[in-house]
Amino acid sequence: MAVTFSAVSSPAVDPVLPGCATKRSAANAMLVLARPWQWVKNGLVLAPLVFSHQLFNPHEVMLAGVAFLAFCAWSSFAYVLNDIADLEVDRLNPEKCDRPMACGDLTVPQAVRFALVLGGVASCLGIALGLPFLAIAALYVALQFGYSLWAKHYVILDVIAVAAGFVLRAFAGGVAIDAEVSPWLAFITFMLAMLLVLARRRHELVAMGEGATAHRAVLGQYSIRLLDQMLAIVAGATLISYMIYTASPEVEAKLGTPHLYLTVPFVAFGILRYLYLVDARNEGGDPARLLLRDRPLLLTVMLWIAADVILLYV
C-alpha cells in the first residue's frame, strides 16, 4: 500500500531511537540523507560525452558537468522523498534503521524543506541546459514518484522502473551536449541496471529473512531461486549484448575504432565478480558502496574506462 507524505508522523529529534548508531547534527543528517556516495550512478550522464568523442572539448565537458551536478541534485531529491515515504518501514529494516529519518535525526518538515532546496538547485541547472534536458529530468522525477508511490509494490515492475531511471540518465547526458545516444548504450544500460536491482532484491530477501515482507511487501512475491534465475538471464544478456556491440561494424564506423572488443574481458570480469559478491558474500544491497569498497571491482571499472578512452581517442 502506498504511503503518502501526509500520513507520516514527524518523529521527535531528541532521542536516539533503537538501531541508531549515533546522534547526528542536522547538517550531517542532511548530508547522509542526500546519499552522495550514490552519485557514482550519475556517471552514466557522462557516457555520451566519452562515446561522442567530445571528452576533450571544454565547452561540452562543462555542459556535461552541469548535467551531472543536476542529476546528483535530482537523485538526492528523490532519495529524500523516498525516505519520507518509507519512514516507518525503514525502522523495521536492520540495514536502513540507521538512516537520518528513521533515527529521528531530522523531522519530516526539515526533510521536506531540504528536498525543496535540492529540487530548486536541480531545476536551475536544468533550465540552464535547455528545455529538452529539463523535460528528461522532469520525466526522471515523475518516474521516482511513480516508483515510490506505486511501482515498487508490483513484482518485476519495481525492477523495470528503477532500471528505466538509469536509461534516462544516459539520455539526459546526450541531450545536454546535443549528442545522439546509441540504442546500444540505452539497451546495455537497462540490462546492467536490472542486474543491480535484482541483486538488491536478493540481498534484501537473504538479509531480512521472514521479516522481508514487513519492509517491502513485494518481496513476498520473489524467491531466492527465482531471483537467481533472473540474475543469470540478465547477466548473460548484458555480457552478450556488450560483446555484440563492440564487434558491430556499425559501431566500429561510428566510433572510429575496430578494437573496442578488447574491453570485453574487463566487462566479463566485472559482471562475474559482482555475481560472486552477491552470491558468496550477499553484498548486493548497495551497488554504489560495493563498487567503492571492493578493490578488484573498482579497479576493473577504472581499467575499463581507461581502455575505452585510449581506444577512442588515441
Being among the acidic types (D, E) and either surrounded by fewer than 18 Cβ atoms within 10 Å (Cβ to Cβ) or at pLDDT below 85 (or both) is the filter here, so list the residues in the stretch 82-104 that pass it. D86, E88, D90, E95, D98
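Hey, does the stretch 159-174 have a residue that's free of Cβ contacts under 8 Å to residues at least 40 places away in the same chain and not aliphatic (A, V, I, L, M)?
Step one: filter the stretch 159-174 for residues free of Cβ contacts under 8 Å to residues at least 40 places away in the same chain, giving 160-165, 167-168, 171.
From the residues that got through so far, the ones that are not aliphatic (A, V, I, L, M) too are 165, 171.
For the stretch 159-174, residues free of Cβ contacts under 8 Å to residues at least 40 places away in the same chain and not aliphatic (A, V, I, L, M): present.
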Can you tell me which residue among D83, D98, D105 is under 24 Å from A163 (Cα atoms) and among the acidic types (D, E)? D83
Residue match in the stretch 246-259 (condition: under 24 Å from M208 (Cβ atoms), of a type in the set (A, V, I, L, M) and either touching a His at 6+ places or on another chain (Cβ under 9 Å) or not assigned by TED's automatic domain parsing to the domain that holds F166 (or both)): no
Among the residues of the stretch 212-227, what is the count of those that are in a helix (DSSP H, G or I), farther than 13 Å from D90 by Cα and over 21 Å from the mean Cα position of the chain (by Cα)? 5
Are there any helices (runs of 4 or more DSSP H) wholly within the stretch 64-165 with 3 or more residues that are out of contact with any Cys (no Cβ under 9 Å at 6 or more places or on another chain) and farther than 27 Å from E204 by Cβ, and if so which? 108-129, 131-149
Please specify each residue of the stretch 228-263 satisfying the condition of being under 20 Å from E204 (Cα atoms) and either touching a residue at least 12 places away in the same chain (Cβ under 8 Å) or not in a helix (DSSP H, G or I) (or both). D228, M230, L231, V234, A235
Considering only the stretch 15-49, state which residues are at pLDDT 90 or above and in a loop (DSSP other than H, G, I, E, B). R35
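The values are calculated or read from the model by the stated rules, or taken from the named source; none is laboratory data. Model, not experiment: these values are computed from the prediction. Cβ coordinates were reconstructed from backbone atoms using ideal geometry, including for glycine residues, and neighbour counts include every protein chain displayed.
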